[in-house]
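What follows is a short report on a single structure.
The values are calculated or read from the model by the stated rules, or taken from the named source; none is laboratory data. It should be emphasised that the depicted structure is a prediction, and the values quoted were computed from it without experimental measurement. Positions of Cβ are backbone-derived with ideal geometry, glycine not excepted, and every protein chain shown enters the neighbour counts. Surface accessibility is based on the protein's heavy atoms, side chains included, excluding ligands, DNA and RNA. Shrake-Rupley method; radii C 1.70, N 1.55, O 1.52, S 1.80 Å.
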Amino acid sequence: MKRIFLIVLDSCGIGQMPDCEKFGDIGVNTLRSCSTSSGFSIPNLLKAGIGNIDGVDYLPKNAAPQGAYARLTEASMGKDTTIGHWEIAGVVSPEPLPTFPEGFPKEVLDEFERQTGRGVLCNKPYSGTDVIRDYGEEQLKTGKWIVYTSADSVFQVAAHEEKIPLEELYDACRKARKILRGKYGVGRVIARPYVGTSPENFKRTSNRHDFSLEPPAETMLDAIVNAGQDVLAVGKIFDIFAGRGTTDHVYNKSNADGMRHTVDYAKRDFHGLCFVNLVDFDMQFGHRRDIDGYANALTEFDTWLGEFEKTLQTDDLVLITADHGCDPAYTATTDHTREYVPLIALGAQVRPGSLGTRASFADIAATVTELLGVPYETSGRSFAKELLK
């Protein structure tokens with residue numbers, strides 16, 4: 001295999017995992033919730049076999065699927081973006097990253113204030129849209145940072161773009177990233193810029209930026225680059241892996257933007273991996289519990305996929321998966337949900353049919369590296385021989 005396109009539909013889970021109660025998630029199923037919307041239409045994914053995946057009893061099955069398909073179990077103890085992507089890339093996290101349901105300790109905030117020269121507002125778990133509604137006016141008056149977290153392992157900093165310049169916000173997040181190590185080592189520090197003149201019209205912008213903890217071990221990205229091949233990162237992949245293991249990268253302003261970038265990379269004669277994250281599913285619709293918005297985004301992706309397939313070369317492979325769930329119908333919280341995720345494989349060399357229920361997302365890393373001929377040690381089990389004709 002010469003080129004592999006690995007596309008993460010960020011948060012597109014397909015049903016609760018057996019240990020979902022430990023994470024406070026009962027009865028969750030992101031894809032099932034989306035399927036109830038009148039805007040949901042995914043003929044290309046259904047043709048590929050997404051309805052045939054183990055446990056997906058809410059979508060029609062295809063008697064002659066054109067792709068290979070599987071249900072993936074998260075082996076890591078988490079349900080966040082960082083841990084999910086690390087596992088996809090071969091690194092399983094047996095311990096969860098630290099979370100701060102009571103806010104961050106004084107010593108962390110004191111050092112953050114000292115290094116950035118600004119005070120702090122909030123310091124609580126909060127919805128990203130609610131926090132700017134409730135603290136935005138005070139920030140405009142005082143110039144203090146809005147610092148908040150969630151059920152995930154994140155330190156988020158919101159700042160009005162006209163009050164605090166973007167580069168100052170990014171610099172503050174870089175400083176926070178260096179402060180948040182060891183027992184305070186959250187998965188991501190996230191810059192959350194916004195605009196507007198009052199709580200009624202404050203709105204987050206697309207200038208979000210993530211500053212991630214470095215993976216604790218070698219990932220498949222590192223292995224592919226070390227083997228002299230390409231790793232092209234689309235969207236927040238570069239940030240999730242703290243800049244490690246990529247040869248080129250581009251950020252997205254939207255899912256549509258990310259799909260355009262993927263097409264642009266597909267026009268290149270590269271050898272290796274194009275790793276894509278489409279975050280709108282999660283950020284714009286999952287967390288905001290917008291079922292119709294999520295369903296429409298899946299419909300848009302499916303339409304794009306039908307056209308993208310036509311451009312593939314005979315030695316190309318497309319893998320479509322997710323990193324966790326974020327059920328837009330689950331009202332107990334607005335956080336991610338502990339779910340299985342789908343795997344769909346498409347390409348001229350793919351043998352259609354079921355790959356079963358896999359024990360880890362890391363099976364993807366084992367398979368990708370084997371198909372590219374790259375040496376890599378991971379706990380994941382390759383399905384390369386089952387996948388190809």
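Expressed as a whole percent, the proportion of Cα-Cα pairs in the range 178-232 lying more than 13 Å apart is 72%. For the range 10-52, the equivalent ellipsoid built from the Cα gyration tensor has semi-axes of 23, 12, 7 Å, listed from largest to smallest.
Of Val154, Val120, Val91, the residue with the greatest mean-square motion in the GNM of the chain, using alpha carbon springs below 10 Å, is Val120. Pick from Ala297, Ala70, Ala332: which is most flexible by mean-square fluctuation in a GNM of the chain where alpha carbon atoms under 10 Å apart are linked? Ranking Ala297, Ala70, Ala332 by mean-square fluctuation puts Ala332 first. Each stretch of four or more DSSP H residues adds -39500 (n - 2.57); spread over every residue of the chain, this sum gives -8500 deg cm²/dmol at 222 nm. Surface exposure of the range 290-389, expressed per residue as accessible area with a 1.4 Å probe, stands at 36 Å². Centre-to-centre separation between the Cα atoms of the range 360-389 and those of the range 269-304: 24 Å. A convex hull fitted to the Cα coordinates of the range 210-259 yields 67 cubic angstrom per residue. Binning all Cα-Cα separations of the range 74-153 at 10 Å, short to long from zero, yields these whole-percent fractions: 17, 36, 29, 16, 2.
Over the range 232-389, all Cα pairs binned in 5 Å intervals from 0 give whole-percent P(r) values of 2, 8, 15, 19, 22, 18, 11, 4, 1, 0, listed from short to long. For Tyr194, nonlocal amide neighbours, meaning residues 5 or more places apart or on other chains whose placed amide H falls under 5 Å from its own, are Ala159, His160, Glu161, Thr205. Couplings 3J(HN,Hα) of the range 257-270, computed from phi: 4, x, 5, 5, 4, 5, 4, 4, 5, 5, 7, 8, 8, 9 Hz, in residue order, whole Hz [Karplus 6.51 cos²θ - 1.76 cosθ + 1.60, θ = phi - 60°; x for Gly and Pro]. Comparing Cα centroids, the range 214-232 and the range 110-185 end up 31 angstrom apart.
Each pair of Cα atoms in the range 61-199 enters the Kirkwood radius, and Stokes-Einstein at 20 °C and 1.002 mPa s then converts it into a translational diffusion coefficient of 129 µm²/s. The value given for the chain is a Kirkwood hydrodynamic radius of 21.1 Å, derived from the mean inverse Cα-Cα separation.
Distances between placed amide hydrogens fall under 5 Å for Ser360 paired with Thr73, all partners being 5 or more residues away or on another chain. Enclosing the Cα atoms of the range 220-290 in their convex hull gives a volume equal to 77 cubic angstrom per residue. Computed from Cα atoms, the angle from the helix 128-142 axis to the main principal axis of the chain rounds to 30 degrees.
In terms of Cα atoms, the Rg and Dmax of the range 187-313 work out to 16.4, 52 Å. Across the range 102-208, the relative contact order, built from alpha-carbon pairs under 8 Å that are at least six residues apart, equals 26 percent.
Amide H to amide H distances under 5 Å link Phe5 with Cys274, Leu317, Val318, Leu319, where only residues 5 or more positions off or on other chains count and H is placed in the peptide plane. Surface composition of the chain: carbon and sulfur atoms hold 49% of the protein heavy-atom accessible area at a 1.4 Å probe. Per the Debye calculation on the range 307-389 with a single equal scatterer at every Cα and no solvent contribution, log₁₀ I(q)/I(0) for q = 0.16, 0.17 Å⁻¹ amounts to -0.72, -0.79. In this rough spin-label picture, where each label sits 7 Å from Cα along the Cβ direction, the Asp290-Ser206 distance is 1.4 nm. Among Thr369, Thr129, Thr99, the largest mean-square fluctuation in a Gaussian network model of the chain, built with springs joining Cα atoms closer than 10 Å, belongs to Thr129. Counting only residues at least eight positions apart within a chain, or on another chain, the lysines with an alpha carbon under 23 Å from that of Lys163 are Lys124, Lys141, Lys144, Lys175, Lys203, Lys253. Listed by chain and number, the lysines placed with their C-alpha closer than 26 angstrom to that of Lys61 are Lys47, Lys310, Lys385, Lys389; residues fewer than eight positions away on the same chain are left out.
Candidates Leu180, Ala227, Val157 compared by Cα position along the dipole of the chain: farthest toward the positive end lies Ala227, with charges placed on Cβ.
Rolling a 1.4 Å probe over the protein heavy atoms gives the range 16-78 an accessible area of 42 Å² per residue.
Oblate is the label for the range 164-258. Its Cα gyration tensor axes, ordered a ≥ b ≥ c, give a/c of at least 1.5 and b/c at or above a/b. The listed peptides 240-248, 138-146, ordered by packing as a protection proxy, come out as 240-248, 138-146 (highest mean of other Cβ atoms within 10 Å first). Take the range 115-258 with all the other protein chains still there, run a 1.4 Å probe, and you get 39 Å² of accessible area per residue. Karplus-derived 3J(HN,Hα) values for the range 63-80, using 6.51 cos²θ - 1.76 cosθ + 1.60 with θ = phi - 60°, are 5, 9, x, 9, x, 9, 8, 7, 9, 9, 9, 7, 7, 6, 8, x, 8, 10 Hz; glycine and proline are entered as x. Over 17 Å, how big is the tail of the calculated P(r) for the range 35-125, in percent of all Cα pairs? I get 70 percent for the Cα pairs in the range 35-125 exceeding 17 Å. Considering only alpha-carbon pairs that sit under 8 angstrom and 6 or more positions apart, the relative contact order computed for the chain is 30 percent.
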